[in-house]
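Asker: One structure is given below, represented as structure tokens, and several questions about it will come after.
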Amino acid sequence: MKEVNAVIGGEGNGGIIVPELHYGRDALIGIALFLTHLAKFGKSISSLRRTYPHYHISKNKIELSADIDLKKIFEKIKEKYKNQPLHTEDGLKIEFDNEWVHLRSSNTEPIIRIYAESNSEITANHIANKLMADISEFMKERS
């Protein structure tokens with residue numbers, strides 16, 4: 001965040017970082033920002049929510065053994081989905097028409113986190129399951 005002079009950052013776990021205040025994750029800052037936005041909007045939470053698109057997220061993970069070459073697996077996935085927009089700033093994000101999936105290795109556990117998002121819960125789960133099957137297949141290939 002310092003390198004790119006970001007004004008806000010955060011993670012899906014609710015930890016928000018506002019460098020103007022401090023560089024620690026702070027859920028209370030997120031609450032304060034939300035309440036400030038709500039006050040400026042001047043309407044109910046449900047009214048505010050209706051102004052945003054409706055998406056479903058599918059959160060999953062795959063456990064890894066110590067001998068897995070994660071870099072090689074990510075390269076195989078990038079090759080398989082090379083015709084889709086790919087982003088590698090933080091793990092691997094693959095975009096589809098109105099959906100996306102984000103693969104990211106954990107910094108604290110031997111796992112890959114798989115997050116898929118779509119305006120359909122079924123589609124989000126389908127995309128996540130497809131990528132988990134791909135990863136499992138690529139892990140077996142090394143055997």
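The values are calculated or read from the model by the stated rules, or taken from the named source; none is laboratory data. Just so we're clear, the structure is a prediction, and the values are computed from it rather than from any experiment. With ideal geometry, Cβ positions are generated from the backbone for all residues, glycine too; neighbour counts draw on all protein chains shown.
Asker: Is segment 83-97 home to any residue that is at pLDDT 95 or above, surrounded by fewer than 16 Cβ atoms within 10 Å (Cβ to Cβ), farther than 20 Å from residue 70 by Cβ and out of contact with any strand residue (DSSP E or B) (no Cβ under 9 Å at 6 or more places or on another chain)?
Answerer: yes
Asker: Those residues that are surrounded by fewer than 12 Cβ atoms within 10 Å (Cβ to Cβ), part of a helix (DSSP H, G or I) and of a type in the set (Gly, Ala, Ser), I need them from segment 29-75; list them, please.
Answerer: Result: 39, 46, 47.
Asker: Of all residues in segment 35-63, which are in contact (Cβ under 8 Å) with a residue 24 or more places away in the chain and of a type in the set (Lys, Arg)?
Answerer: 59, 61
Asker: Consider residue 6 carefully, then state whether it is assigned to a loop (DSSP other than H, G, I, E, B) and of a type in the set (A, V, I, L, M, F, W, C).
Answerer: yes
Asker: Which of the residues belonging to segment 121-143 are closer than 19 Å to residue 63 by Cβ, within 18 Å of the chain's Cα centre (by Cα) and hydroxyl-bearing (Ser, Thr, Tyr)?
Answerer: Those that are closer than 19 Å to residue 63 by Cβ, within 18 Å of the chain's Cα centre (by Cα) and hydroxyl-bearing (Ser, Thr, Tyr): none in segment 121-143.
Asker: Still on this structure: Can you spot a residue in segment 2-11 that is surrounded by 12 or more Cβ atoms within 10 Å (Cβ to Cβ) and within 30 Å of residue 135 (Cα to Cα)?
Answerer: Checking segment 2-11: at least one residue is surrounded by 12 or more Cβ atoms within 10 Å (Cβ to Cβ) and within 30 Å of residue 135 (Cα to Cα).
Asker: If you take just the strands (runs of 3 or more DSSP E) that sit entirely in segment 76-143, which of them hold at least 1 residues that are in the same structural domain as residue 66 (by TED's automatic domain parsing) and without any contact (Cβ under 8 Å) to a residue 24 or more places away in the chain?
Answerer: 92-95, 100-105
Asker: Within segment 14-28, restricting attention to residues that are of a type in the set (Gly, Ala, Ser) and not in a helix (DSSP H, G or I), which residue is surrounded by the most Cβ atoms within 10 Å (Cβ to Cβ)?
Answerer: Residue satisfying both the conditions and the ranking: 15.
Asker: Only one of these conditions is not met by residue 77: (1) β-branched (Val, Ile, Thr); (2) within 17 Å of residue 11 (Cα to Cα); (3) in contact with a Leu (Cβ under 7 Å, 6 or more places away or on another chain). Which number is it?
Answerer: (2)
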